Every structure is written in structure tokens, then in C-alpha cells.
């Protein structure tokens, strides 16, 4: 599938499918380019609106076969909702709906003509291209049949037309947005494929190999710490989790350094449990979801996906460190026990109250490591707690931060990327629940406020650097096909991280 900018305007384009983005307020009386298009198509636009009672609600679609003799064979109407304050994600979600409709209508070519966001042609084109690309992606790696369940093929070409309505954009700006989108999509798809793959395919070893592939790009440095290296650095918290697995742990540190002097240096830390059995506190019984614990490296998946996007984008003025302590949490005669005391690399001691609260143990040493790099901000992502899913559902990530400016920058990036986050309280008194009689702290704090106490635990391992924690346990996986996310791994976090890095 090829995306390209087009010099055509909506009233001139000829091809199989034409997708028009429409606000609710535009439908009663067609004016301007809509009236001209309706006249060119012999009243087909008005017919598509009236016969299907199309109201322009966000996410709604209506299609009409115009005829083989018409310059446009299929007309696809896409509802964009209220047009008073157009958001980028309305374009992204609308493009996803347009691409799916074009596929179901067997259009071998598609043109998309949407309104312009904030007079920004590049950002608008990026959002549209992201939505169309990601909505059509299907992971067929583990299917014996490669034809995508007999579905119609994707459109061979998708053209982004000069934007309709009051705004126009140059072909150069549109092409720039398409190029950026395709690089971010490549990172998002990597994250999807890492999270979706089973634990006998994605292991600490193969994750390290993925990091090596990314590091082949210009401007990259890679350090992989083996078990012995981690022992020398005193990473007892990470190694306590890793000790039961037959697979060696890998501590990955990828660094992107631009050719010029960076205006900022950032670190992203991803939880990298390629499988979580729960350890001796084994995940058991209905609702334990042990069969889905391949997704427990969703934070690392987003981290590596963002790294791939940055490798392709090659920003000129940002240095970024991508870090993940990667292992399995397994059961064997070597497994850590409930009640064991681990010593993290900053010297703090941790009583293991529950071996299934292992992600925070791996992140503890990762955050200590990142805190020593001299970066301006650290963001960690982790599929950390079921409590966050209970609080925020399956589509929203939780945000905790010690720095309000950092929190605001992440919320701005998330809004631009169309990925939902919600800031949660860093309620310091709740840390009392994690006090231990025999060690500095326990790794659990009880059921109440479980996602908050998990964030407070992580806070103990960042000394000076502004830090934010994202609990992404809900949105890294979807059980249904919705919008631009097909059922399965969503690649959540990649777009937000890239927007935050580039801001």
C-alpha cells in the first residue's frame, strides 16, 4: 500500500473511492467545494446523505456506488462529529474508518479529503496516514493461511488531497506528514508484533537481538548487560526476579545520539517481562489471565517501538536512552520466595511480599540506572497493575509524576498522538502500607490503591531526575477491533513517546 500527496482538489480527483470527511453542521445545506462535488457527481453526495440518513456523527460512515461511468465509482462519507474544535484524533479515527470502508468496498485506490487541523498540513496528513495505515494492519505471522481470512485486499494507493474547506496545504507539507507517519507506524507495528508474539518466540534473547537490529542505524550505541554485569552493579532486585528462569536475563541500554549538540537528553524505561507466571505466587484460577502474560513486556514493546521510530526519523537535536531489564518470572527450585529480601542497586532493601509483584522489582534497578545518566527526564512504561485497569478501564493509561511540567508535556503528547492517559495522585501517605519490619520496604501495599502504591514504590528508586510513570496494563491489548486498533496488541505508547521526544 502506497501513500502519496496529491496535487488534485476534491472536485477534480478521479478513481475508485473518494472519502469525504464531514461535520454534523455541514449536511443540511451543501456549500463551497461540497456543492461543487455534488454537482460534478450528479447529486450523488446529496443522495448518499439523504438515503442513508447520514448525520455526520463521529465514527459513522456511509457509502454509495456512483457508477462505472462516473469519475468516482464509490463515494465514502466519514462522520467527523462536531466541527467547533477539530482535534487531530478526529482525523486519525476518520481515516481509519475510510480505509476500512475502502477495503470492504474493494476499492483499489482511495483518496481522502478531510478538513485541515489548525492550518497545519503536515500534522493533519500525519494523523490521517497513521489512522489509515494502522487500521489496515493485520498480524498474520502465526497463521497458516496468509490471505487475511479472505478479506478484500488493501487499497494499492491512498492519496491525501489538498484539504477541503477553508484550509489548504501544500503537497510538500502533506508529503512531510506522510513520511513522518510511516516511520512512526513502523515503530508502532514493531511494538504490536513484540507484544502479540508468544513467549516461546519473544524471549530475553530475541528482545536483545531486536535491540541489536535497531542499533545498526546511524547514531546508535548499544550496551547489553549480562547476568554477571548486573551482579557487579548490584542489581539484586532485577536478578531476584530472573533467577528462576532457564533463559538468561538481558539488561538493554540503547542510546540515540544526534550528530549535533542535543537540546535535551531523555530516558525511556520499559518493563520487559517476556512471560509472567506469577512466580511461587502463581497466577491461578479464573481471571488470572496467565495465558495473556506474553503481554507483560508491553512497556518494553513500546520502548523498542519508539526506538525504531526514532531510528528512522533521525531527529537532529535530541539524545534518547531506551532501557529495559528483560527476563521471565518463572517457577523452579531457584525461584525467589515470598519473604525473601532483595537489595537493589541503590542499596535499598525490599521484602518480597508477593512474587507476582515482580515488574516493579525489575523497574527498580532500571530506574536507578537511568537516574545516573544525567538526563533531563525519565519516563517509564509498565503493564504494572490490574488495579489501574479497574480504575481506568482498557483504553486509558495511568500517569504518575514527581514533576508537573513533565506530566503536562506527556498529556500534550498523548492528546496529539490520540493515546489516552489520565493523571493519578501520588498520595505519599499510602507508602506507609509498604513499610516492612525487616527491610526498607515491601513490594506490595495491599489491594486498596494498588496502582498508587506501585507508583510510590518506583519513586524510591529515582533520586533527582524529573520522573513519570505510565501504567499501561489496560491499553496495550484490545479484545475487539475498534478504530485504528485491530483486535490484539495495540502498540500503545509508541506514538505518544515519539511526540514527547520530538516536542
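Bear in mind these aren't lab numbers, they're just calculated from the coordinates by the rules spelled out. Model, not experiment: these values are computed from the prediction. Glycine gets a Cβ as well: all are built from the backbone with ideal geometry, and neighbour counts include every protein chain shown.
Run the numbers on the chain and let me know its relative contact order in percent, using alpha-carbon pairs under 8 Å that are six or more apart.
Result for the chain is 15 percent.
What list do you get for 168, 210 if you sort them by fewest beta carbons within 10 Å? Display every interim value, and only then the final one.
Details: 168 13, 210 20.
So the ranking, lowest neighbour count to highest, is 168, 210.
Please report, to two decimal places, log10 I(q)/I(0) for region 1-48 at q = 0.18, 0.23, 0.33 Å⁻¹ as given by the Debye formula with identical point scatterers on the Cα atoms and no solvent.
Rounded to two decimals, the profile gives -0.62, -0.93, -1.50.
Using only alpha carbon positions, build the gyration tensor of region 334-454, then give the equivalent ellipsoid semi-axes as the square roots of 5 times its eigenvalues, largest first, whole angstrom.
27, 18, 13
Can you list, bin by bin at 5 Å, the percent of alpha carbon pairs in region 298-405, starting at 0?
Spelled out bin by bin, region 298-405 gives 2, 9, 16, 19, 21, 16, 10, 5, 2, 1 percent.
Which three lengths, in whole Å and largest first, does the chain cover when its Cα atoms are put on their principal axes?
Principal extents (Cα only, largest first): 81, 52, 42 Å.
Rg to Rh ratio, region 2-165, alpha-carbon atoms and Kirkwood radius? Don't skip to the answer; put the middle values down first.
Values: Rg = 15.3 Å, Rh = 15.8 Å.
Expressed as Rg/Rh, it is 0.96.
Indicate the gyration tensor shape class of region 280-357 (rounded, prolate or oblate), computed on the Cα atoms with a ≥ b ≥ c the square roots of the eigenvalues: a/c under 1.5 is rounded; otherwise a/b larger than b/c is prolate and the rest oblate.
Judged from the Cα gyration tensor, region 280-357 comes out oblate (a/c at least 1.5, b/c at or above a/b).
Determine which residues of region 252-268 fall in the zone a paramagnetic label at residue 376 would reach in this model, i.e. backbone nitrogen under 18 Å from the point 7 Å along Cα→Cβ.
256-268
Whole angstrom only: what separates the Cα centroid of region 8-51 from the Cα centroid of region 254-313?
Going from one Cα centre to the other spans 45 Å.
In what sequence do 406, 233, 37 fall when counting other Cβ within 10 Å, fewest first?
Details: 406 20, 233 15, 37 23.
So the residues, fewest neighbours to most, are 233, 406, 37.
Mean shadow of region 225-266, computed from the convex hull of its alpha carbons, in nm²?
Over every viewing direction, the Cα hull of region 225-266 projects on average to 4.2 nm².
Across bins of 5 angstrom width beginning at 0, how are the C-alpha pair distances of region 99-250 distributed, in whole percent?
Reading the bins upward from 0: 1, 8, 12, 13, 13, 12, 10, 9, 8, 6, 5, 2, 0.
Using 0.36 nm times the number of residues separating residue 332 and residue 4, minus their current alpha carbon distance, what extension gain do you get?
Length gained between residue 332 and residue 4: 112.7 nm.
Once you put a point 7 Å from the Cα of residue 341 and another 7 Å from the Cα of residue 106, both along the Cβ direction, what distance in nm separates them?
Reported label-point gap for residue 341 and residue 106 is 7.2 nm.
Per q in 0.11, 0.14, 0.18, 0.20 Å⁻¹, report the Debye log10 I(q)/I(0) for region 178-271, using one uniform scatterer on each alpha carbon and no solvent.
Per q value, in the given order, log10 I(q)/I(0) is -0.42, -0.67, -1.04, -1.20.
Could you calculate the FRET efficiency of residue 263 with residue 138 from 1/(1 + (r/R0)^6), where r is the beta carbon distance between them and R0 is 30 Å, rounded to 0.05? Before the final figure, lay out each step's value.
Numbers: r = 39 Å, r/R0 = 1.30.
Plugging the Cβ-Cβ distance into 1/(1 + (r/R0)^6) gives 0.15.
Less than 17 Å from a label point 7 Å out along the Cα-to-Cβ axis of residue 233: which backbone N atoms in region 315-355 qualify, by residue?
Only 320-328, 343-348 fall inside the zone, counting backbone N under 17 Å.
For region 210-368, compute Rh as the Kirkwood radius over C-alpha pairs and then the Stokes-Einstein diffusion coefficient at 20 °C and 1.002 mPa s; write the answer in µm²/s, rounded to an integer.
D = 131 µm²/s.
Using 0.36 nm per residue of separation minus the Cα-Cα distance, give me the extension gain between residue 221 and residue 209 in nm, one decimal.
Values: separation 12, 0.36 × 12 = 4.32 nm, distance 1.38 nm.
Additional length available on full extension: 2.9 nm.
Can you put 23, 251 in order of Cβ neighbours within 10 angstrom, beginning with the fewest?
Ranked by crowding around the Cβ, least crowded first: 23, 251.
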